[in-house]
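The values are calculated or read from the model by the stated rules, or taken from the named source; none is laboratory data. The structure displayed is predicted, hence computed values, not measured ones. Here the Cβ positions follow ideal geometry from the backbone for every residue, glycine too, while neighbour counts run over all protein chains shown.
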């Protein structure tokens with residue numbers, strides 16, 4: 001699906017990323033975790049081709065820089081951590097932005113269907129006539145999740161979804177619902193790369209974990225391989241205990 005080798009990035013005199021390898025197969029859910037300033041969002045932006053890099057990133061066995069922009073947007077979509085709080089549009093118009101790669105002047109029937117289906121999926125359909133600017137932070141977050149999901153509603157196989165902290169401002173119910181939607185997406189042979197702060201949710205939903213510290217890979221593998229007390233305490237510089245979740249049997253991290 002996507003492969004990147006020795007990704008490095010610096011801004012002025014600051015090294016943001018240093019020699020990172022990433023490999024993601026079809027149908028995998030990869031969670032990128034780590035403390036503040038580890039380089040998680042910068043890595044996601046480079047992989048998503050939002051920050052141009054001379055380093056080779058292969059997406060579907062083709063250099064990502066060689067893709068035509070409109071065509072690439074039908075194969076991959078990115079949910080950003082920071083979205084404008086001032087968008088003077090109704091919710092349905094914000095979600096329809098995700099369908100822009102598919103029409104020139106007016107949305108088609110299939111564009112409206114994709115929009116409505118994803119608004120139902122993310123529990124914002126009842127808000128479709130509301131002004132976006134009147135929504136709460138969590139509602140806005142779900143609207144943008146709906147938008148990027150609508151963007152990838154097409155007949156193309158093996159799509160890739162990038163999400164940068166999609167659980168911000170969401171209540172517990174919608175955090176789990178968002179992750180269930182992402183996992184459902186990957187179960188259809190699509191893939192997702194998600195920056196998360198909640199390690200226990202990452203352990204429960206992700207197939208692979210990329211643990212970062214100071215712009216480098218601290219550990220990579222399955223949740224069981226990465227989430228050890230030694231790895232996490234070292235990355236976060238804070239003690240923790242690992243035990244087995246009594247229901248899911250995934251690693252459960254208890255800090256302190």
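If residue 140 satisfies all but one of (1) within 19 Å of residue 82 (Cα to Cα); (2) free of Cβ contacts under 8 Å to residues at least 40 places away in the same chain; (3) in a helix (DSSP H, G or I), what's the number of the condition it fails?
Only one criterion in (1) within 19 Å of residue 82 (Cα to Cα); (2) free of Cβ contacts under 8 Å to residues at least 40 places away in the same chain; (3) in a helix (DSSP H, G or I) is unmet by residue 140, namely (2).
So which residues in the range 35-56 are more than 17 Å from residue 210 (Cα to Cα), buried (at least 17 other Cβ atoms within 10 Å of the Cβ) and in contact (Cβ under 8 Å) with a residue 40 or more places away in the chain?
Listed by number, the list holds a single entry, 53.
What tally of residues in the range 116-137 results from selecting those that are under 21 Å from the mean Cα position of the chain (by Cα), in a helix (DSSP H, G or I) and buried (at least 16 other Cβ atoms within 10 Å of the Cβ)?
Residues that pass the stated criteria total 3.
May I ask you to list pairs of residues, at least six apart or on different chains, whose Cβ atoms are under 6 Å apart, with the first in the range 165-191 being touching a residue at least 24 places away in the same chain (Cβ under 8 Å) and on the phi > 0 side of the Ramachandran plot and the second being part of a helix (DSSP H, G or I) and buried (at least 18 other Cβ atoms within 10 Å of the Cβ)?
Between residues of the range 165-191 that are touching a residue at least 24 places away in the same chain (Cβ under 8 Å) and on the phi > 0 side of the Ramachandran plot and residues that are part of a helix (DSSP H, G or I) and buried (at least 18 other Cβ atoms within 10 Å of the Cβ), the close pairs are 169/141.
Per-residue answers, yes or no, for (1) crowded, with 20+ Cβ neighbours inside 10 Å; (2) at pLDDT below 95; (3) closer than 20 Å to residue 167 by Cα:
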| residue | (1), (2), (3) |
| --- | --- |
| 199 | yes, no, yes |
| 202 | yes, no, yes |
| 207 | no, no, yes |
| 212 | yes, no, yes |
| 224 | no, no, no |
| 228 | no, no, no |
| 231 | no, no, no |
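Here are 62, 140: which of them is exposed (fewer than 13 other Cβ atoms within 10 Å of the Cβ) and either over 16 Å from residue 151 (Cβ atoms) or more than 20 Å from the chain's Cα centre (by Cα) (or both)?
62
Filter the range 181-197 down to the residues that are over 18 Å from residue 164 (Cβ atoms) and either part of a loop (DSSP other than H, G, I, E, B) or in contact with a helix residue (DSSP H, G or I) (Cβ under 8 Å, 6 or more places away or on another chain) (or both) and list them by number.
Selection gives 187, 188, 189.
Take the residues in the range 235-253 that are surrounded by 13 or more Cβ atoms within 10 Å (Cβ to Cβ) and touching a strand residue (DSSP E or B) at 6+ places or on another chain (Cβ under 7 Å); name whichever of them is farthest from residue 204 (Cα to Cα).
Quick first cut of the range 235-253, residues surrounded by 13 or more Cβ atoms within 10 Å (Cβ to Cβ) only: 235-236, 240, 242, 245, 250-253.
Filter once more, so that each one left must be touching a strand residue (DSSP E or B) at 6+ places or on another chain (Cβ under 7 Å): 235, 240, 242, 245, 251-253.
Working: 235: 20, 240: 18, 242: 14, 245: 9, 251: 8, 252: 9, 253: 11 Å.
Per the stated criteria, the residue is 235.
Can you pull out the residues in the range 5-34 that are under 17 Å from the mean Cα position of the chain (by Cα) and either surrounded by 17 or more Cβ atoms within 10 Å (Cβ to Cβ) or under 17 Å from residue 166 (Cβ atoms) (or both)?
Within the range 5-34, the first condition is being under 17 Å from the mean Cα position of the chain (by Cα), and the residues that meet it are 22-34.
Hits for the range 5-34 are 22, 24, 28, 29, 30, 31, 32, 33, 34.
Any residue at all in the range 154-172 that is surrounded by fewer than 23 Cβ atoms within 10 Å (Cβ to Cβ), out of contact with any helix residue (DSSP H, G or I) (no Cβ under 9 Å at 6 or more places or on another chain) and in a helix (DSSP H, G or I)?
Scanning the range 154-172 turns up at least one residue that is surrounded by fewer than 23 Cβ atoms within 10 Å (Cβ to Cβ), out of contact with any helix residue (DSSP H, G or I) (no Cβ under 9 Å at 6 or more places or on another chain) and in a helix (DSSP H, G or I).
Regarding residue 72, is this residue surrounded by 11 or more Cβ atoms within 10 Å (Cβ to Cβ) and within 30 Å of residue 19 (Cα to Cα)?
Numbers: surrounded by 11 or more Cβ atoms within 10 Å (Cβ to Cβ): yes; within 30 Å of residue 19 (Cα to Cα): yes.
So residue 72 passes the test.
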